[in-house]
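What follows is a short report on a single structure.
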Amino acid sequence: MNLEILLNNFINPTILFFFLGLFAVWVRSDLAIPSQVSKFLSYYLLFCIGLKGGAELSHSGLNAHIFIVLAIAVVMALLVPLYSFFILRRRFNLFDSAAIAATYGSVSAVTFITAINFLQENEAPFGGYMVAAMALMEAPAIIVGLVLADMYRQKEAQPPKGEEPGASSIRMVVREAMANGSVVLIMGSFVIGIVSSDSSVATLAPFTQDIFKGMLAFFLLDMGLLAGRRLSALRQASGFALRFSVLVPMANASIAIGLAYLLQVDKGDALLLTVLCASASYIAVPAAMRISLPKANAGLYVPMSLAITFPFNIVLGIPLYYYILNQILS
Amino acid sequence: MQAYKKLEIIIPKLESRLLVKLLQNNGIKGYSYWGGVRGSGDRGLQDGEGLSDTFVNACFVIACSEEDFNRIKEKLRAFLSEAGGVCMVSDVNWLIH
């Protein structure tokens with residue numbers, strides 16, 4: 001592997017602030033970012049990425065290639081939870097298997113934003129439509145996870161949830177996931193970016209571009225704090241869970257890289273597609289799973305995605321996938 | 001003064017809407033509510049951390065007649081068994097005004 005890409009990523013201040021967050025938890029510092037500030041930072045990043053993606057799509061327009069990439073994104077969002085579920089069933093109960101499968105089938109917006117930052121620093125172009133790919137990948141995994149849980153619940157003669165008070169239908173859960181603030185904001189900004197004129201989008205540049213990297217670094221500090229706090233929950237997790245958190249994302253990334261190679265997807269778009277397939281949700285899906293599969297252990301599937309898969313992807317995964325894509329794509 | 005039952009219900013915040021629906025469908029219209037409740041129970045630590053409400057609880061305080069309570073009791077039990085949470089019941093007096 002080209003060590004320079006990895007090293008440059010490792011000493012990038014954005015990534016270093018993530019480690020600072022982990023370090024602060026390790027030394028039991030009282031460093032904390034108020035939850036409302038965290039929420040603001042995440043919304044800010046989604047606002048910027050959505051707007052930028054929409055503005056870029058309005059320039060490039062739609063074509064068959066874009067539809068192919070979007071189709072791959074949706075197919076992967078359906079396939080990943082399917083095979084993940086059967087791998088997980090070997091060791092976990094029905095609820096945990098379905099929730100983890102949905103978590104890994106869905107996507108992490110922050111990993112996606114970090115990958116965009118990585119591409120910008122390496123001056124690699126990418127299509128604005130990838131923002132739409134990210135939004136499209138959010139819900140299918142939730143549906144697959146819930147359908148599998150329902151099918152197996154009936155098979156294992158457990159009472160179907162629909163007959164119990166407090167039960168929530170798949171339709172309701174998917175509606176909740178799609179109405180999640182993050183999804184509404186990024187898709188709303190994306191549409192605003194498409195319909196707005198270039199000059200009006202440019203007037204927002206001091207807010208959406210000039211301070212973007214600083215805000216991302218500050219947000220990753222917060223993510224480091226969160227990941228560090230969730231790490232302790234993994235002390236009781238099995239080695240299988242830890243291995244799954246790294247190996248399955250890598251397998252998902254390999255499939256995405258293979259598809260990108262077969263369809264000759266542009267390098268920047270291929271990296272974003274790979275990162276989307278390799279990432280795991282820790283915002284929208286856990287909230288949906290908490291409602292639909294409350295017996296699944298959130299203390300397991302959130303730390304797996306937030307404390308293992310997310311750091312793995314932003315520190316090693318992104319430069320590794322980029323290196324491979326550089327080797328195989330012209 | 002009038003004899004009432006006071007219910008203190010702590011559940012995952014994300015289930016709040018379903019609980020409200022359950023209460024209202026069973027004739028209990030009034031409640032007080034706190035979001036952002038933290039604590040630990042048999043479903044682990046709810047520390048309020050994170051970008052979603054996955055690890056946050058909510059607390060409902062409800063005053064209802066014994067008749068209302070008896071009507072909702074079993075449904076509430078089933079709800080708590082599925083969603084997780086606790087319900088504490090006490091006898092209180094309601095100051096009529």
Determine the pairs where a residue that is of a type outside the set (A, V, I, L, M, F, W, C), located within region A:187-211, has a partner that is surrounded by 15 or more Cβ atoms within 10 Å (Cβ to Cβ) with Cβ atoms under 6 Å apart, the partner being 6 or more residues away or on another chain.
-> A:189/A:47; A:189/A:50; A:189/A:51; A:193/A:51; A:193/A:54; A:193/A:55; A:208/A:48; A:208/A:51
List pairs: first in region B:28-45 and in contact (Cβ under 8 Å) with a residue 24 or more places away in the chain, second among the aliphatic types (A, V, I, L, M), Cβ under 6 Å, 6+ apart or cross-chain?
-> B:31/B:62; B:32/B:61; B:37/B:58
Name the residues in region A:210-239 that are loosely packed, with under 15 Cβ neighbours inside 10 Å and not hydroxyl-bearing (Ser, Thr, Tyr), would you?
-> A:210, A:211, A:214, A:235, A:236, A:239
Every residue from region A:30-58 that is more than 13 Å from every other protein chain (Cβ to nearest Cβ) and either in contact with a Pro (Cβ under 6 Å, 6 or more places away or on another chain) or hydroxyl-bearing (Ser, Thr, Tyr) (or both) | A:58
Filter pass, residue A:270 being surrounded by fewer than 23 Cβ atoms within 10 Å (Cβ to Cβ), more than 14 Å from chain B (Cβ to nearest Cβ) and small (Gly, Ala, Ser) = no
Selected residue (criterion: farthest from residue A:316 (Cα to Cα)) from residues of region A:24-38 that are in contact (Cβ under 8 Å) with a residue 12 or more places away in the chain and assigned to a helix (DSSP H, G or I) = A:37
Of the residues that make up region A:54-65, is at least one assigned to a helix (DSSP H, G or I), among the aliphatic types (A, V, I, L, M), within 19 Å of the chain's Cα centre (by Cα) and more than 24 Å from residue A:152 (Cβ to Cβ)?
-> no
Is there a residue in region A:231-238 that is over 20 Å from residue A:315 (Cα atoms), touching a strand residue (DSSP E or B) at 6+ places or on another chain (Cβ under 9 Å) and not in a helix (DSSP H, G or I)?
-> no
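Let's see how each residue does on (1) in contact with a Pro (Cβ under 9 Å, 6 or more places away or on another chain); (2) of a type in the set (Asp, Glu); (3) crowded, with 24+ Cβ neighbours inside 10 Å:
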{"residue": "A:60", "(1), (2), (3)": "no, no, no"}
{"residue": "A:66", "(1), (2), (3)": "no, no, no"}
{"residue": "A:78", "(1), (2), (3)": "yes, no, no"}
{"residue": "A:83", "(1), (2), (3)": "no, no, no"}
{"residue": "A:94", "(1), (2), (3)": "no, no, no"}
{"residue": "A:109", "(1), (2), (3)": "no, no, yes"}
{"residue": "A:119", "(1), (2), (3)": "yes, no, no"}
{"residue": "A:125", "(1), (2), (3)": "no, no, no"}
Hey, can you tell me all the residues within region A:192-230 that are charged (D, E, K, R) and either out of contact with any Pro (no Cβ under 7 Å at 6 or more places or on another chain) or not in a helix (DSSP H, G or I) (or both)?
-> A:198, A:210, A:213, A:222, A:229
Test for residue B:48: is it surrounded by 13 or more Cβ atoms within 10 Å (Cβ to Cβ), at pLDDT below 95, within 14 Å of another protein chain (Cβ to nearest Cβ) and in contact with a strand residue (DSSP E or B) (Cβ under 7 Å, 6 or more places away or on another chain) | yes
Which one of these does residue A:289 not meet: (1) more than 10 Å from chain B (Cβ to nearest Cβ); (2) more than 12 Å from the chain's Cα centre (by Cα); (3) surrounded by 24 or more Cβ atoms within 10 Å (Cβ to Cβ)?
-> (1)
Residue by residue through region A:254-285, note down the ones that are under 11 Å from the mean Cα position of the chain (by Cα) and assigned to a loop (DSSP other than H, G, I, E, B).
-> A:279, A:280, A:281, A:282, A:283
Only one of B:56, B:61, B:92, B:86 is touching a Pro at 6+ places or on another chain (Cβ under 8 Å) and either under 27 Å from residue A:288 (Cα atoms) or of a type outside the set (Phe, Trp, Tyr) (or both); which?
-> B:56
Report yes if some residue within region B:62-85 is within 22 Å of residue A:298 (Cβ to Cβ), under 12 Å from the mean Cα position of the chain (by Cα) and away from chain A (no Cβ under 14 Å); otherwise report no.
-> no
Which of the residues that make up region B:46-62 are under 21 Å from residue A:39 (Cβ atoms) and either touching a residue at least 60 places away in the same chain (Cβ under 8 Å) or not polar (S, T, N, Q) (or both)?
-> B:47, B:48, B:49, B:50, B:51, B:53, B:55, B:56, B:58
Boolean, residue A:251 is at pLDDT below 90 and assigned to a helix (DSSP H, G or I) | no
Test: residue in region B:1-12 that is within 19 Å of residue B:93 (Cα to Cα) and either touching a helix residue (DSSP H, G or I) at 6+ places or on another chain (Cβ under 6 Å) or facing chain A (nearest Cβ under 9 Å) (or both) = yes
State whether one or more residues within region B:17-32 are on the phi > 0 side of the Ramachandran plot and touching a strand residue (DSSP E or B) at 6+ places or on another chain (Cβ under 9 Å).
-> yes
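The values are calculated or read from the model by the stated rules, or taken from the named source; none is laboratory data. Since this is a predicted model, take the numbers as computed values, not measurements. For neighbour counting, all protein chains shown are included, and Cβ atoms are generated from backbone atoms with ideal geometry for every residue, glycine included.
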